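Visitor: Input: one structure, supplied below.
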Amino acid sequence: MTYEILTTCTGCGMCLSICPVKAISGGPGRLHVIDADYCIGCGACARVCNSSSVADQDGNIPTHESKRFWMIPHFDAAKCSFCGKCYEMCPAGIITRPVAGKAPELTNSKLCASCHWCEKVCVFDAVTFSPASQGAAQ
Amino acid sequence: MNIALLKEKLEALDNKLTAEGIIDRRSKTALVLDLSDETFYDWLVPDKYLDLYISGPALAARLWAEFAGADVEDKSSYEANNPIIITSSALSNSGMPSSELVSIAFRSPVSGILCFNECTNTVGMRLEALGYCALIITGRLRRPAVIDIKKSGVTYNVSELFIGYTVSQIESLVGVGPMTTAMSIGPAGEQKVPFATVVCEGSSTGRGGLGCLFGYKNIKSLCITGFDTSFERTGCDEDIKKAKEAFDKVISSSEYCRMMQRSGSSCLVKRSGKYGWAPVNNFSRRTDPRLFHLGGDEIRRRYGEEHGGCIGCPILCRHRTTDGIVIPGYEAILMLGSNIGCFDMDKIIERYAQCLNFGLDPVSTGNILGWAIQASSGGKIVILEPDFNFQDNAKVLPLIEMIARRTGPGEPLSFGTYALGQAFKDSSYAYTIRGLECGPYDYRGAFSQSITDCMGLWFSNCFEINSPVVRRDHADWAVLNESLVMGLESYGVSANLVVPTIVDTIKHLEKRLKYIPKSVIKRAKPKMLASMISAYSGSEILSEHIIALGDRCWRLIYEINIALGFNMLEDTAEVLPEHFYIDPESNHNEKSIVPYRSMIERYSFLRKNTIALQSVEPKAN
């Protein structure tokens, strides 16, 4: 799945700042462009876009979501095997390397694209997702 | 070899075989790289191949036969006509544990027969993200190049400036990271050292000389940029949850998995000494009390429990030091350690890193160093200086580099053990199987492993290695192991799950093996893994389907190897070095002679049955 920025783009730069792999380029007030080679299909750009200018490859335009309600990962130390796969595979590189007895953490939850990849690579079901606002409250 | 005849034969075989246990593949296209004219194109893999051979080694072997050039046997041009096939797992990105297996098939430049490398890394996952189920590399590049595969296409970047670069240097240049992976060779591959390997994500992709073939084809590095987080599971969530719960229960109660998680695959080192399959001092001895220093408990004490593993695998057999340095697996520990008389783990870790950095296979390198020690100690052969100390890494590490770069005393050693044995007209210390250095086992303690290796299949971890209880009916176990491993791997599942989910779940295993061993073989069925595959793929897969797929894969390899001049049932009489089945000297109290001939007879009988069963015409409904 890849995404494309439509010509209605206002050039606000929100997508550019959230893209975990820096696949988006463009200056302020200008049409932004996604490099399909590097797009990982997480859809963060589409969810963050205020002007609904990002469409997926089927032409669907996901609705805008406030970042407060984005799901971010939480790591359960009781289930974690400390193998470090989530740390190695995180496209944004914001997960800390786990050490024995200490589960990984997010270095900056604001940069999480909510791609759920850490959840997919964890075979020990140690990753659960909850809204960012809830995580902050915790 | 008449490749046209082989293709005809395989087509007839495909029509005769019945496809059962089919998985609907998400990607049905293969990316073909034609190196001769630096082009690429998409090739739709016929449904017949995907139905019969699913993925993994079976599909890789079938595609190899499809793309092999007519004059693959011609030494002068064989590298161009010898395709490299890389297949992803049918269950890649499905979320199923241990299902990110990548299979690589090619004609080994060392043994001359079809060779398989199985490894777990993100290559398959990335190929699937790009929409491909296989990568087919044909032809030969005119100049050394780095091949860059992305969604937008393939680029060939000339890399003559990077000649001589080590693996870590080339990886930092091509930008390996979460978005990109690379399969690279070091100086050893460039210099066509026969036991050169390809390194991917800090591990060797396997044995058989794939690095040498990359060198012949002028591929310095194969980079794949692809990542797709939007994959959705095809199976039913309820079934997946149920199957995963049962699987987790088995894994958490498995002593084998606990042992691996505690101390990595080095836990098998201690076992190798106990059961007499450790190669010590160039296979002259089978056990040594100093193996304790390389075993799991000692590793845990010295380096802690910092563990890791392959993507999606719950076994976590890859350990790290607290500084994040990877501790080698038991194969490399034995060959770079005990086989050359070194029992210091720090030194072995450095040697292992050196081998991988220069693109050498650690197992074969250990074998050739063992040969060098034994040959020079007799005073017959003078390659190294008389006071060369194999305990001293200040001497061994430069020697490894010299082997890879083919300079100084490393040059003669770089030709491999078999060539040296022939050159010096003394093969007594050269332990090879069809020209390829023996695996990290003294076969006098691992009988069924000897059969598998002599067939050129090179699966590590036969039952007797991982499960010490299983030490009977060796040919029967070898056949079962082959079918299980090839069946599971062809579905894309790692064979490391065989012990915890099959062997360990048989009740009263020890007693059964003692009194009714044949019943154990009948009971050793991958039921749990079949239900896991069914749940995650959404297709109904039975354990019989897995075994049948393994047998189909074996038959395919058998037919291809006949065309390559090796009959797996008839040309095996003198394949195993005499040392293992004639030399009675051993320092272990168990049987010291491999009953090779009787095992081969039994193996041939069982495999002829497989062929006969596959020849039965399917019943018309």
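Visitor: Could you work out how far the C-alpha centroid of region B:1-50 sits from that of region B:567-603, in angstrom?
Guide: 37
Visitor: Also, quick follow-up: Quick check on my link table: of B:Lys192/B:Lys425; B:Lys150/B:Lys217; B:Lys28/B:Lys242; B:Lys7/B:Lys192; B:Lys511/B:Lys608; B:Lys7/B:Lys608, which ones sit more than 27 Å apart, alpha carbon to alpha carbon? Provide the component values of the computation, followed by the final result.
Guide: On the way: B:Lys192/B:Lys425 23 Å; B:Lys150/B:Lys217 21 Å; B:Lys28/B:Lys242 29 Å; B:Lys7/B:Lys192 30 Å; B:Lys511/B:Lys608 30 Å; B:Lys7/B:Lys608 22 Å.
Distance filter (> 27 Å) returns B:Lys28/B:Lys242; B:Lys7/B:Lys192; B:Lys511/B:Lys608.
Visitor: Also, quick follow-up: Expressed in nm to one decimal, what extension gain is obtained for the pair A:Thr107 and A:Ser66 from 0.36 nm per residue of sequence separation less their Cα-Cα distance?
Guide: On the way: separation 41, 0.36 × 41 = 14.76 nm, distance 2.06 nm.
So the chain would gain 12.7 nm between A:Thr107 and A:Ser66.
Visitor: How large is the charge dipole for chain A, taken about the Cα centre, if only the Cβ atoms of Lys, Arg (+1) and Asp, Glu (-1) carry charge, to the nearest 20 debye? Walk me through the intermediate numbers first.
Guide: On the way: 11 positive and 11 negative charges, 89 e Å.
Dipole magnitude for chain A comes out near 420 debye.
Visitor: While we're on this one: Tell me, in nm to one decimal, what length is gained between B:Glu255 and B:Arg302 on full extension, where the rule is 0.36 nm per residue of separation less the Cα-Cα distance?
Guide: Values: separation 47, 0.36 × 47 = 16.92 nm, distance 2.21 nm.
Once the chain is fully extended between B:Glu255 and B:Arg302, it gains 14.7 nm.
Visitor: Also, quick follow-up: Rounded if a/c is under 1.5, else prolate if a/b beats b/c, else oblate: with a ≥ b ≥ c from the C-alpha gyration tensor eigenvalues square-rooted, which is chain B?
Guide: Values: a/c = 1.31, a/b = 1.11, b/c = 1.19.
Verdict is rounded for chain B.
Visitor: At 222 nm, what value in deg cm²/dmol follows for chain B if DSSP H runs of at least 4 each add -39500 (n - 2.57) and the sum is divided by all its residues, to the nearest 500?
Guide: Working: 28 runs with 269 residues, N = 621.
After summing the helix terms and dividing by residue count, I get -12500 deg cm²/dmol.
Visitor: Taking a cut-off of 17 Å between Cα atoms, list the aspartates and glutamates near A:Lys102, but don't count ones fewer than 8 places away on the same chain.
Guide: Within the straight-line cut-off, A:Lys102 pairs with A:Asp76, A:Glu88, A:Asp125, B:Glu305, B:Glu306, B:Asp323.
Visitor: Can you pull the percent of Cα pairs in the protein assembly as shown with separation above 42 Å?
Guide: On the way: 76888 of 287661 pairs.
Of the Cα pairs, 27 percent sit more than 42 Å apart.
Visitor: Compute the FRET efficiency between B:Glu245 and B:Leu569 as 1/(1 + (r/R0)^6), taking r as their Cβ-Cβ distance and R0 = 41 Å, and round to the nearest 0.05.
Guide: On the way: r = 43 Å, r/R0 = 1.05.
Approximately 0.40, to the nearest 0.05.
Visitor: Same structure, new question: At R0 = 60 Å, how high is the FRET efficiency between B:Ser604 and B:Lys151 if r is their beta carbon distance? Nearest 0.05 is fine. Walk me through the numbers before you get to the answer.
Guide: Working: r = 49 Å, r/R0 = 0.81.
Result of the calculation: an efficiency of 0.80.
Visitor: If you average the alpha carbon positions of region B:510-543 and of region B:190-261, how far apart do those two centres end up, in angstrom?
Guide: Measuring centre to centre over Cα atoms gives 23 Å.
Visitor: Taking all pairs of different Cα atoms in region A:67-137, averaging 1/r and flipping that mean, what Kirkwood radius in angstroms comes out? It would help to have the intermediate numbers written out before the result.
Guide: Details: mean 1/r = 0.0838 Å⁻¹.
This gives a value of 11.9 Å.
Visitor: Here's a follow-up. May I ask for the distance between the Cα centers of region B:73-148 and region A:84-110, given as a whole number of Å?
Guide: With region B:73-148 and region A:84-110 each reduced to a Cα centre, they are spaced 31 Å.
Visitor: At 1.306 mPa s and 10 °C, plugging the Kirkwood radius over alpha-carbon pairs of region A:3-56 into Stokes-Einstein gives what diffusion coefficient in µm²/s?
Guide: On the way: Rh = 10.6 Å.
Estimated diffusion coefficient is 150 µm²/s.
Visitor: Also, quick follow-up: So which of A:Lys79/A:Lys120; B:Lys274/B:Lys518; B:Lys249/B:Lys527 end up more than 18 Å apart, counting from Cα to Cα? Don't skip to the answer; put the middle values down first.
Guide: Numbers: A:Lys79/A:Lys120 15 Å; B:Lys274/B:Lys518 26 Å; B:Lys249/B:Lys527 15 Å.
Where the Cα-Cα span goes over 18 Å, the pairs concerned are B:Lys274/B:Lys518.
Visitor: Would you please classify the overall shape of region B:484-621 from the alpha carbon gyration tensor, given that a ≥ b ≥ c denote the square roots of the eigenvalues, rounded means a/c under 1.5, and beyond that prolate means a/b larger than b/c while oblate covers the rest? Kindly include the intermediate steps, with their values, before the conclusion.
Guide: On the way: a/c = 2.05, a/b = 1.28, b/c = 1.61.
It comes out oblate by the Cα gyration axes.
Visitor: For A:Asp58 and B:Val382, what is the calculated FRET efficiency with R₀ set at 51 Å and r taken between the beta-carbons, to the nearest 0.05? Kindly include the intermediate steps, with their values, before the conclusion.
Guide: Values: r = 71 Å, r/R0 = 1.38.
That pair, A:Asp58 with B:Val382, gives E of 0.10.
Coordinate-derived values only; no laboratory data. Computed from a prediction, not measured in an experiment: that's the story for all the values here. No Cβ is skipped: glycine too gets one built from the backbone with ideal geometry, and neighbour counts run over all protein chains shown.
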